[in-house]
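Here's the structure we're looking at; comments come further down.
Read-outs throughout are calculated quantities, based only on the coordinates presented, and are distinct from any laboratory measurement. Everything numeric in this text was worked out from a predicted model, so none of it was measured. Here Cβ is always computed from backbone atoms with ideal geometry, including for glycine, and neighbour counts include all displayed protein chains.
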Amino acid sequence: MSEQPCDSSAPTLFTWEFATDPYPAYAWLRDHAPVHRTTLPSGVDAWLVTRYADAKKALADPRLSKNPQRHSAAAHAKGKVGIPGERSAELMTHLLNIDPPDHTRLRRLVSKAFTPGRVAEFAPRVRTLTDQLIDAFEERGEADLIHEFAFPLPIYAICDLLGVPREDQDDLRDWAGMMIRHGSGPRGGVARAVKRIRGYLAELIHRKRGDFGEDLISGLIRASDHGEHLTENEAAAMCFVLLFAGFETTINLIGNGVYALLRNPEQRAHMQRAVEEGDERLLAAGVEELLRYDGPVEIATWRFATEPLTLAGQRIAEGEPVLVVLAAADRDPERFAAPDVLDLTRRDNQHLGYGHGIHYCLGAPLARLEARTAIGTLLRRLPGLRLAADPEDLRWRGGLIMRGLRTLPVTWNSTG
Ligand code: HEM
């Protein structure tokens with residue numbers, strides 16, 4: 001690793017306290033060590049980039065590769081990088097792990113099938129799913145919004161969009177749950193879940209080839225660009241990334257977002273009024289601010305220097321991992337006025353919550369649709385919603401990449 005002056009006052013990262021509130025540590029890093037070398041809990045050394053301007057540059061820098069094989073051999077020997085289950089070679093060739101020209105080709109193909117129009121047509125289904133989930137607990141007057149609402153919504157939604165038959169969706173939900181629960185723990189659970197998902201997707205894709213429908217998997221198989229199609233493995237990897245890039249992220253956007261509203265009564269009242277008056281513009285802007293303020297993707301996925309380079313004055317050697325800390329960049333006072341304040345009417349809110357550059361979130365239109373529908377419907381149907389736990393007692397799930405609440409106990413007056 002390239003050298004960096006040692007500073008004994010640097011905050012301790014990736015502890016339980018850090019997961020609960022990482023923002024003071026990020027403020028320190030932005031001020032004192034904006035490109036900071038750290039050893040991750042896995043034992044891998046990596047550079048953390050925390051200022052907005054540097055983060056944006058790094059996300060668009062072609063010298064930073066997404067291919068895990070660009071990780072220097074010496075660094076690689078110390079530990080493993082990648083999202084859980086990515087050792088599975090068949091599912092490796094997805095968008096977040098590849099560079100141009102392969103990335104350009106695959107992204108073009110998937111964009112032909114996964115269009116904003118397809119997402120817009122899906123809006124009534126997301127509304128129905130949201131209402132059904134609320135129906136199940138409305139009378140009770142209390143719920144855990146993570147388990148009963150934020151967790152099932154995105155997985156059922158993406159399963160429907162992909163064309164996973166309804167009778168199989170609970171299996172997918174359970175496997176996805178295993179991946180989240182074991183994501184930063186023992187590897188066995190993840191490996192088992194990935195194996196089942198891989199087998200299931202291969203079989204489903206095979207079935208769809210023989211009987212195309214209107215669903216996204218059929219669209220992916222049929223999509224062609226200058227006569228090129230996705231191979232079976234590419235189609236399976238694409239379905240895998242669509243299932244999982246949008247799963248924990250959306251859970252956390254709904255969970256962190258509702259929590260932020262409940263902790264900020266004035267802003268919540270503002271959002272409540274917008275929802276009751278049908279002000280879609282404010283609802284949309286509000287969801288963007290929730291994403292900036294406490295977004296689900298703490299750190300963008302791994303990048304590796306393909307050549308020696310300098311970032312904000314810091315030398316980075318070839319093969320070294322660079323992690324762009326989106327959550328720190330989105331609280332940078334150089335870019336956002338009063339960044340630690342939740343302001344749903346904030347203007348010029350160009351946050352990095354969906355990334356930037358060629359890997360910008362492919363699912364952003366779906367994520368926005370789900371988050372607006374979920375948060376809007378919740379406030380409209382349960383206007384008396386309030387937190388049913390002491391914030392000090394809430395636990396955060398803090399993997400390296402994502403951050404979100406494990407549970408969100410809420411209550412309301414069940415007569416409305
Ligand atoms: C990429 C955030 C939901 C699919 C990304 C990236 C971010 C992100 C930050 C870039 C990662 C990087 O550059 O390392 C989010 C957030 C979401 C969300 C905050 C929800 C609130 C979704 C959904 C889907 C999805 C619902 C699909 C159904 C993808 C895919 C990529 C991606 C396929 C890779 C794109 C590429 O490499 O070209 N997302 N995402 N995401 N996202 Fe999302």
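Let me make sure I get this right: for region 286-415, a, b and c are the square roots of the gyration tensor eigenvalues over alpha carbons, sorted descending. Under 1.5 in a/c it's rounded, otherwise prolate if a/b > b/c, else oblate. Which is it?
The shape class here is prolate.
Let me know the number of lysine pairs in the chain closer than 21 Å at the Cα, not counting same-chain pairs under 8 apart.
7
Calculate, for Arg125 and Glu203, the FRET efficiency according to 1/(1 + (r/R0)^6) with r their C-beta to C-beta distance and R0 22 Å; round to the nearest 0.05.
The computed FRET efficiency comes out at 0.35.
Mind listing which chymotrypsin sites (Phe, Trp or Tyr not before Pro) in region 328-416 are in a DSSP loop and have 14 or fewer other Cβ atoms within 10 Å?
Details: sites: Phe336, Tyr354, Tyr360, Trp396, Trp412; in loops: Phe336, Tyr354, Tyr360, Trp412.
Sparse-neighbourhood loop chymotrypsin sites (Phe, Trp or Tyr not before Pro): Tyr360.
Quick check on the exposure proxy: order Ser65, Ser218 from fewest to most C-beta atoms within 10 angstrom. Could you put the intermediate results ahead of the total?
Details: Ser65 21, Ser218 18.
Fewest to most other Cβ atoms nearby, the residues stand as Ser218, Ser65.
Suppose a student asked you for the relative contact order of region 197-326, using Cα pairs under 8 Å spaced at least 6 residues apart; what percent would you report?
Result for region 197-326 is 16 percent.
Taking the chain as a Gaussian network, where each spring joins two C-alpha atoms under 10 Å apart, which residue of Pro34, Pro339, Pro265 fluctuates the most?
Judging by the Gaussian network model, the answer is Pro265.
Among DSSP beta bridges lying fully in the chain, give the percent that are antiparallel, nearest 5. Write down the numbers at each step before the final one.
Working: 22 of 25 bridges.
Given both bridge residues lie in the chain, the antiparallel proportion sits at roughly 90 percent.
Quick one: divide the alpha-carbon radius of gyration of the chain by 2.2 N^0.38 Å and tell me what you get.
Ratio of Rg to 2.2 N^0.38 Å for the chain: 0.97.
List the residue ranges in the chain for DSSP H helices whose C-alpha atoms run 24 angstrom or more along the long axis and whose Kyte-Doolittle average is -0.5 or above.
Length and hydropathy pass: 364-381.
Shape of region 200-330 from its Cα gyration tensor (a ≥ b ≥ c, root eigenvalues): rounded if a/c is under 1.5, otherwise prolate when a/b > b/c, or oblate?
Numbers: a/c = 2.82, a/b = 1.20, b/c = 2.35.
It is oblate, given that a/c is not under 1.5 and a/b is not larger than b/c.
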